[in-house]
Amino acid sequence: MLTIQKIHIYGFGKHENITISLQDGVTIFYGMNEAGKTTIQQFILQMLFGFPTKQQSQRKYEPKTSPKFGGQLTIQHPIYGQCTIERVKGKATGDVTVYTEDGTKGHEELLAKLLYGYSRASFEAIFSFSIHELQGIEKMSEEELTHLLLASGTTGIHQLSALEKKLDKDAGELFKKSGKLPLINQKIEHLKQLEKTIKKEQATIHTFEAKSLKLQHLEHQLKDLYNQQKTLQHEWQQLTIMKQALPLIEQQDKLQQSLNSNAPVQFPPEGIRRYEQLKDRLTHETLQLTQLEDQYQALQSKLHLTADEQAIEEMTRLMHKEATWNQLVVKEQNLKDELFVLQQDIEAQFRLLGVQEKEAQAILLEGTVSLQQEEQFQRQLTVLSATEEELKFYLQSLEQIHAELDNIAGQKKQLQQEALTAEEEHILAQWPQKKKRLEQLRHVQLQRSKPKQPILFIYLVLAISIVAVVYGVVEKNWAVIVIGAILGLLFLLFLKHAKQVEEEPLERNSHLLKELEQEEHLVQQLLAKKQRLEDRWIVANEQQRDKERQYAQLEHKIQQAEQTSAEANQMLENFLRRFRLEGNVPRTLLPELFMRIRAVQEMDVKQRSTFKLLHAIQNEKNELYEAVQQVLKNEYSEQEIFMHLRASYLAIQQAQQQMLQTTEQVAHLLSKKQEVQSLLQNYESQIAQLFTRANVNSEHAFYETFEHFQQQQKLQTQLQTIQNQLASLEIQQQERLLNGAQLHEKIHALEEERNALQVTIDQCLEERATLQIEKEQLLNDEKYGLLLQQFEQEKALLQQLIEQWASKKMLATAIHETLFRLREEKLPHVLTQVNAIFHSLTAGRYDKLFIHEEGYFEAQAVSGLRYHVAELSQATKEQAYISLRMALAKTLATSAPFPFIMDDPFVHFDRNRTNKMVQLMKEVGYERQILYFTCHEGMLDLWQKEQIVDLGALANERGVTST
């Protein structure tokens, strides 16, 4: 059989990191409401068959407080051996991995093989049921109850029955003999209405010929009217163009008269632009010539400047000394800064060493710091540091031992609190007497269990009495018969008395023995607890004595270390006093004390040499400063003296350079003046030529001539534009002779004639359009064709619906026959197993279950009466349902050896029926594993303790084991 050996939950519902080991046979999962029984039941089903998808109604049980979702089931498979099924969150039903005993690893395909191809629905239809399904039996009709029992007694029949009902329902929605709402009934009625409409459309097709002849006559009439309209339109367009051209003809005549009245004017091309450009250039060059004259006079006044050559040479020599001056200034400042830093460092070192008085500082600077003295000082420091580290270690160890002593005291206090109570001590005190009584009862029970003395004599008397009666009857000897009857009666009285004497004390002793054994178990626990507390108390006392001994030793070591540290400190102070180091020198400076004293002495030597170098640099700088002052003949500060020297030197150089530049500029100005004068003469000559070509002598006359020339050009341009427009209109010569009034009268007459003609055309068009629409409707009207097409489509659709109805009817009939065949072939084999189970569960009140000729289940009582299942009591219906489930499982022992999963289905049974059910579960447990979930404490008394898993312990533990 297939058994579940271990449940390991990563995270599922309220359970997290839980491991439950199971045993073969029956396992009882006990827990109060909300303890998680249904959660574990659903965990098993979802590990085997997958997590529910969004389209399914089952709950998914995702944990609220843990990111892990899923777990493992370890099963023992009859083919593959021990396998582990792991399913975690992933795709729709979760990611499943199967590990077999031989190391094979698989997924959904291997899991399907382990489950023999069963789905969750198939599994639950046979191997999983609860109180809810049994309570639903009460509300079922006889037909529904029969279907339920059939489904329980045969695999797959429930799905077939549901499919048969669905097909009958679907067929009824397609057609009913006297119905109106089914689709086929509606289609038939719709086809009748379409046939009537088609006959009406056929009557309107015979008026086509008369409308065609009338349309031909209208076409000829419209053609003549369009020709007349075209002629009138052409005449109207010519008159309209002539009306538009009258203003142009009048303007053309006026322009021609203006041109004839003025004489032609000559003017040079672009004369105004050329004249204004020459005039601007002439003005510009005149101004430039004036500026050149002014610059020439200014340069002549600067040529008298001269310079002192000797002063320039001395300044040049001193300018070369500027870099030396800057270096001296920088060196002087650097040396001063260095002296300041040295003085600060020396004072800082003295402060660190604690030497404040000048006399003590001088002594320290002159003192000798040899390597021998430094080595001696370092040895004293090493001794002091080692002593302090040792003392620090002892103090830390002392604190640790003190904390351990406090911990031991707390443990002893806890042991005192855990000591046995007065009631428990009283139980132990009374136990020796009760123990003797327990041994006596066990001895009596042992004696009773031994084989009894042979009762051959008693049975020999019974045999003699029987033989005497038989012999007396045969020989017709009444004395022998009476003697035999008396012996038999005495034998029966003796047996009854012996049984009563034996049973009464046996029952009392059994009850007392059970109570004493329970008390013995309690006493054993109390003795074990007392011994455990005494052992822990002895260990605590030994640890306390050990720690107190260590505490006293550490106190002695601390006193010795403190004395050694004081001696080392005294020697160190004496050594420092020789160097006049008073006060407490920081401990961090002691290892480098000699190094700091040497550093102070070296800085003092460096300070003295820096003073000498600064004095030499200052003397050299003062000599150069005095030389610069003599050249400048004035007194300046050290910071500004070379700036003034540089300014004076640059001023003299600029004066010399300026004189050379001025000479060159004078020559350049003379050349530039000649060029400007030549350009002025050329510009004046070109202006004279423009005046000559325009036949004028002055600027004012030149501008007036230009205005006359522009006016003449404008008139000629306008005249040419009008002539081009008149040419584009193509006006005939006779039409140009009409005046405005004549033209207006002729246009008005044409418009009235056009309007009358248009009215006639519109009437003909309207009549033609009406006839064409009617003709087109008759010729191209698709209504008749569409009606015919719709009629054929509806007929085809009706044929499809009829085929669907026929197929559903045929399939429902086939399913009905299949159900009948299953009921006739498979169910009798199952009912053979059912009768034995049903007979046992009902305590022999019913012999068997069978199917009536009409297809209903009936139960036959021992009296021979038959009852419909619906007539039975609720509990008997449930017993029949369970019997069918158990019997079907027996027939599937090899093809589907799954465990049963029951969720408190027998809670409403009385004690007798519950005991029968428990006995059945124990029998089935030898062949198939049973997992029973309950919240009723009374069920626990019917099972062994090792078969019970207490789910209440899951709240405090991470693993629960049933064995």
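Only the coordinates and a few stated rules stand behind these numbers; no lab work does. Nothing here was measured: the structure is a model prediction, and the numbers come from that model. For neighbour counting, all protein chains shown are included, and Cβ atoms are generated from backbone atoms with ideal geometry for every residue, glycine included.
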Subtracting the Cα-Cα distance from 0.36 nm times the residue separation, let me have the gained length for residue 280 to residue 173 in nm, one decimal.
27.6 nm
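Could you pull out the pairs from 392/547; 436/530; 6/113; 180/795; 113/808; 68/91 whose alpha carbons sit more than 24 Å apart here?
Those over the limit are 113/808.
Quote the Stokes-Einstein diffusion coefficient, in whole µm² s⁻¹, for the stretch 5-52, based on the Kirkwood radius over alpha carbon pairs, a temperature of 37 °C and a viscosity of 0.692 mPa s. Please report the intermediate quantities before stating the final value.
Details: Rh = 11.6 Å.
D = 283 µm²/s.
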Pairs 166/809; 64/89; 14/54: which exceed 19 Å Cα-Cα?
14/54
Leaving out same-chain residues fewer than 8 places away, which lysines sit with a Cα under 27 Å from that of residue 358?
336, 606, 612
Tell me, what is the FRET efficiency for residue 644 and residue 680 to the nearest 0.05, using R0 = 51 angstrom and their Cβ-Cβ distance as r?
0.50
Along Cα→Cβ, 7 Å out, is where each label goes; now give me the distance between the ones at residue 341 and residue 699 in nm to one decimal.
8.1 nm
Which FRET efficiency value, to the nearest 0.05, do you get for residue 620 and residue 662 by plugging their Cβ-Cβ distance into 1/(1 + (r/R0)^6) with R0 = 30 Å?
0.10
Protection proxy ranking of 888-898, 790-800 - average other beta-carbon atoms within 10 Å, highest first:
888-898, 790-800
Distance (nanometres) between label positions extended 7 Å along Cα→Cβ at residue 927 and residue 34
4.2 nm
Nearest-0.05 FRET efficiency for residue 807 and residue 95, computed from C-beta distance (R0 41 Å)
0.50
Straight-line reach from residue 633: which lysines have Cα under 26 Å away, leaving out those fewer than 8 places along the same chain?
321, 621
Assuming a ≥ b ≥ c are the square roots of the Cα gyration tensor eigenvalues, decide whether the stretch 1-129 counts as rounded (a/c under 1.5), prolate (otherwise, with a/b larger than b/c) or oblate.
rounded
State whether the stretch 854-925 is rounded, prolate or oblate according to the following rule on the C-alpha gyration tensor (a ≥ b ≥ c being the square roots of its eigenvalues): a/c under 1.5 gives rounded; otherwise a/b larger than b/c gives prolate, and the remaining case gives oblate.
oblate
Nitroxide proxy distance, nm - points 7 Å out along Cα→Cβ at residue 53 and residue 261
10.5 nm
